[in-house]
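Quick note: the coordinates plus some simple rules give every number you see, no bench work behind them. Computed from a predicted model, the values in this text were never measured in an experiment. Don't worry about glycine lacking a Cβ; one is built from the backbone with ideal geometry, like all the others, and counts go over all protein chains shown.
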């Protein structure tokens, strides 16, 4: 059997298949272990945390941290105090309060005399982080914040670069432009990267080197992932989880409705807009398809635009980045009340006035993706609603997914159920991560093999076994090049 010729007729639970799957899992975890060991060898100067600024910030908040936030905050502080470089991922469900925990890490880093950089994937999310930081820290003269993106005017950008180099800015927020070669930091001590759940091993290796040896790295992801998946993706990182949501956050009411009763929704949309709420309308396709019987965002936008003239906007993946940002800005500034889109709104957007989301062809999405989309609404104090539209009769799986969504808003529970229903490949757009992790193994069917491989890799680490012994496995599963890159770094 050739590795690329796996088909449905092969019994993936047979002893022969499981043996090969185990070898692939072991080779993959060995690579992550090697990268983790390499990072942990990096020595740094421990941050000197006094805690006074953090206490002042906490006292100024209008809310108390959840127990889960407090635990994660302590884990991060221990990393900052350590002589080893922090390389941690902070995982939390949508709306669980990851941002404030990352801000506290920034506060402690700044109080220790270092600079902090926060990178977001889009200009609008970077701006939202900047506005939140400015609001939270406006009373604290010790924290000097600035925003830099691709749209920052040349004159202002030049001043920001000068002030960064001379330590007059100690908290810089921006997009990927933060890490261009021409940007020089005076004493960068912490990098926070938001919504970068698609980073592969090589990208994380490069990120860990940013800022030099004294710079800690914190990644954030709003995509809950089951433990087996976390081990497969982030086995080279320390993992923190926020498992609670703020007490004031209301559970989103989730409803389902047949497509033919779509007109019943419009009075509810009018009512929401009248109450000052905004609306997301999500479609699976950009344009109409002759093959797939799904609703397109373009067609739906035309329809809604007639129902609500000059009230709707349209975004999708094929739009120019600049045009997309313009529409999102209009929605953020409440110049439009309805945003018709594809799943591009799934992560990285926070609109506090959005309290209703309609998802068409909901039976065609995975549970985790539906949960992420649902998490775009109800992020303030108002009640959020999610309406799932479906065509024709629902399959048993689709009925089960809708039932699960109605019964729970726990992203970790949903992620476990999603992996059982759909398999691991679809849970977070796994193949978009930059690494083709597995050709044979399946974290759903072979979760027990992950546990065995994890123990064996631990033995390799503890006994300092020479990796040459496993070269044939690393080559067989295309891991040798990554191992070589790690050793050359």
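Does a label point 7 Å from the Cα of residue 303, set along Cα-to-beta-carbon, have any residues of region 351-391 with amide nitrogen under 16 Å, and which are they? The answer is 358-364, 387-391, whose backbone nitrogens lie closer than 16 Å to the label point.
If we sort 212-225, 125-138 on the protection proxy, mean other Cβ atoms within 10 Å, highest first, what's the order? Please report the intermediate quantities before stating the final value.
Values: 212-225: 22.1, 125-138: 17.6.
The most tightly packed comes first, giving 212-225, 125-138.
Entry for the chain at q = 0.12 Å⁻¹: log10 I(q)/I(0) = -1.19, Debye formula applied to identical alpha-carbon scatterers, no solvent contribution.
Were the residues from residue 264 through residue 12 laid out at 0.36 nm apart, the gain over their Cα-Cα distance would be 86.1 nm. Based on Cα contacts under 8 Å between residues 6+ apart, region 253-408 shows a relative contact order of 31 percent. On full extension, the segment bounded by residue 475 and residue 403 gains 21.5 nm, given 0.36 nm per residue less the C-alpha separation.
Taking a ≥ b ≥ c as the square roots of the Cα gyration tensor eigenvalues, with a/c under 1.5 meaning rounded and otherwise prolate when a/b beats b/c, else oblate, which class fits region 1-123?
Values: a/c = 3.29, a/b = 2.14, b/c = 1.54.
Prolate, because a/c is 1.5 or more and a/b exceeds b/c.
FRET efficiency for the residue 253 to residue 463 pair, using the beta carbon distance and R₀ = 45 Å, is estimated at 0.25. In this entry, region 359-426 is assigned a mean projected area of 4.6 nm², taken as a quarter of its C-alpha convex hull surface. Peptide packing for 269-278, 240-249 was compared via the average number of neighbouring C-beta atoms within 10 Å per residue; ordered from the highest value, the list is 240-249, 269-278. Model label sites at residue 163 and residue 144, defined 7 Å from Cα along the beta-carbon direction, differ in position by 0.7 nm. The Stokes-Einstein estimate for region 253-408, based on a Kirkwood radius over Cα pairs and taken at 20 °C with 1.002 mPa s viscosity, is a diffusion coefficient of 137 µm²/s.
Between residue 176 and residue 156, the modelled label-to-label distance comes to 2.3 nm, taking each label 7 Å out from Cα in the direction of the beta carbon. Relative to one another, the C-alpha centroids of region 26-47 and region 104-183 are positioned 28 Å apart. Across region 313-343, the residues whose backbone nitrogen lies under 16 Å from the label position 7 Å along the beta-carbon direction of residue 135 are 332-334. Between residue 311 and residue 74, the FRET efficiency estimated from the beta carbon spacing at R0 = 41 angstrom works out to 0.30. Each label was represented as a point 7 Å from its Cα along the Cα-to-Cβ direction; for residue 420 and residue 55 these points are 4.7 nm apart. As a calculated quantity, the FRET efficiency between residue 383 and residue 445 at R0 = 60 Å, using C-beta atoms, amounts to about 0.90. In terms of packing, defined here as the mean over residues of other Cβ atoms within 10 angstrom, the peptides 154-161, 18-25 line up highest first as 18-25, 154-161.
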